[in-house]
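Below is one structure; the comments refer to it alone.
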Amino acid sequence: MNQDTWAVRQRTKEWLKGIPYEVAFWQSYYGNRKRRADLFEWSQYDEECVLDNFDVAAYIGSLDHAPVIMDVGCALSYAFGNVFNGKTLPVLYIDPLAPFYNRILNRYTILRPNITFGMIETLSSNFGEETVDFIHIRNALDHCADPVAGIIQALSCLRTGGILYLNHFRNEACNEAYRGFHQYNITEEDGHLIIWNREHGKDITKFLAPFAETVTSVSNEGRIVAVITKKAPVPEEILDRQKTNLNISLMLMTSAELFHSTRFVIAYQWSKAFTTVSHSIMRLLPYSWIKRLKKLLSRRS
């Protein structure tokens, strides 16, 4: 097994292990009326879209055609507004856990758009290249199996001049003690966008410079905001379509092998049960207690 194949299999394994945590998180939010009400107060759904450190309304208004807008890795937050300059526009909500999230929406009869399945690491296989105008990713890039590949895939789908907008908590994997999907950190150093974890790091601003401009800033709340404008097609040597298709096959086979393993299935079901109960309990606690608990776990990791 070569190094690339091993890396894809390991990333897939870690990502699969994070599914119970993420599904339980959203199930506990939607299952608790108070927390669900809090979430919908924060949501911008059916409201004017306002983003930190970027005038999205001006950008959408500058286009001479009907915009194609995606919210990738959206989960069930509906944090991204769908009204631009007073006009409601269609937004394609995309997430790899779409089947789980749609069941939650149906269970509680929530009137929100269903989620479309899609993985950011293979986005160009689901959606055409050079077809999208604006991609919004909030608190999701650091959850995926390969965030650098995800950025490349998103840029591939964008038209030249299109915008990839990222908004993330700083170093969330450290904050969450590398639990669940939280396997990567996103931060800013000297105006550069940096993605890193325990094994390695990458200066995204430098990496993308030949074909995209990255403007990285910090919001008033301390979140990392990156506005990436596509300036030219993604080079063939970076966007390897054959490799993308191979990775899809590897991810599928790795998933099949793991769920055929009794040891993995038992661990997965235990995690599912534990996270379902623990998240339900956490929804009953004050936010201040939850923050203290996260800090304690982070120090012990």
Whichever residue in the stretch 192-210 is more than 19 Å from the chain's Cα centre (by Cα) and at pLDDT below 95 and, among such residues, is surrounded by the most Cβ atoms within 10 Å (Cβ to Cβ): Arg198
For the stretch 106-121, how many residues are among the hydroxyl-bearing types (Ser, Thr, Tyr) and buried (at least 20 other Cβ atoms within 10 Å of the Cβ)? 0
Check Phe181, Phe127, Phe134 and return the single one that is under 16 Å from the mean Cα position of the chain (by Cα) and either of a type in the set (S, T, N, Q) or more than 22 Å from Leu51 (Cα to Cα) (or both). Phe181
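For (1) of a type in the set (A, V, I, L, M); (2) closer than 27 Å to Leu164 by Cβ; (3) surrounded by 12 or more Cβ atoms within 10 Å (Cβ to Cβ), each residue gets a yes or a no:
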| residue | (1), (2), (3) |
| --- | --- |
| Ala232 | yes, yes, no |
| Glu236 | no, yes, no |
| Asp240 | no, yes, yes |
| Asn247 | no, yes, yes |
| Leu252 | yes, yes, no |
| Ala256 | yes, no, no |
| Val265 | yes, no, yes |
| Gln269 | no, no, no |
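Any residue at all in the stretch 194-205 that is more than 22 Å from Asp55 (Cα to Cα) and of a type in the set (Gly, Ala, Ser)?
yes
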Members of the stretch 1-49 that are surrounded by fewer than 19 Cβ atoms within 10 Å (Cβ to Cβ), among the polar types (S, T, N, Q) and either assigned to a helix (DSSP H, G or I) or out of contact with any Gly (no Cβ under 7 Å at 6 or more places or on another chain) (or both): Asn2, Gln3, Thr5, Gln10, Asn32, Ser43
Given the conditions (1) in contact (Cβ under 8 Å) with a residue 12 or more places away in the chain; (2) assigned to a loop (DSSP other than H, G, I, E, B); (3) out of contact with any helix residue (DSSP H, G or I) (no Cβ under 6 Å at 6 or more places or on another chain), and given that Leu76 satisfies all but one, which numbered condition is not satisfied? (3)
Look through Ile195, Ile248, Ile204 and report the one residue that is touching a residue at least 60 places away in the same chain (Cβ under 8 Å) and aliphatic (A, V, I, L, M). Ile248
Quick check, is Asp142 crowded, with 23+ Cβ neighbours inside 10 Å, of a type in the set (D, E, K, R) and either in contact (Cβ under 8 Å) with a residue 60 or more places away in the chain or in contact with a strand residue (DSSP E or B) (Cβ under 6 Å, 6 or more places away or on another chain) (or both)? yes
For a quick check of your reading: which helices (runs of 4 or more DSSP H) sit entirely within the stretch 93-164 and have at least 1 residues that are modelled with pLDDT of 95 or more and within 18 Å of Val227 (Cα to Cα)? 147-157
Would a scan of the stretch 81-101 turn up a residue that is in contact with a His (Cβ under 6 Å, 6 or more places away or on another chain) and of a type in the set (A, V, I, L, M, F, W, C)? no
Would you tally the residues in the stretch 153-180 being surrounded by fewer than 24 Cβ atoms within 10 Å (Cβ to Cβ) and within 20 Å of Val8 (Cβ to Cβ)? 4
Which count do you get for residues in the stretch 50-68 that are assigned to a loop (DSSP other than H, G, I, E, B) and of a type in the set (Val, Ile, Thr)? 2
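Being over 21 Å from His200 (Cβ atoms), under 16 Å from the mean Cα position of the chain (by Cα) and not hydrophobic (A, V, I, L, M, F, W, C) is true for just one of Tyr165, Tyr108. Which residue is that?
None of the other options fit; the residue is Tyr165.
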Tyr108 vs. criteria in contact with an Asp or Glu (Cβ under 9 Å, 6 or more places away or on another chain) and not basic (Lys, Arg): no
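The values are calculated or read from the model by the stated rules, or taken from the named source; none is laboratory data. Note that the structure is predicted; figures quoted are calculated from it, not measured. Note that we place each Cβ from the backbone using ideal geometry, even for glycine, and neighbour counts take in every protein chain shown.
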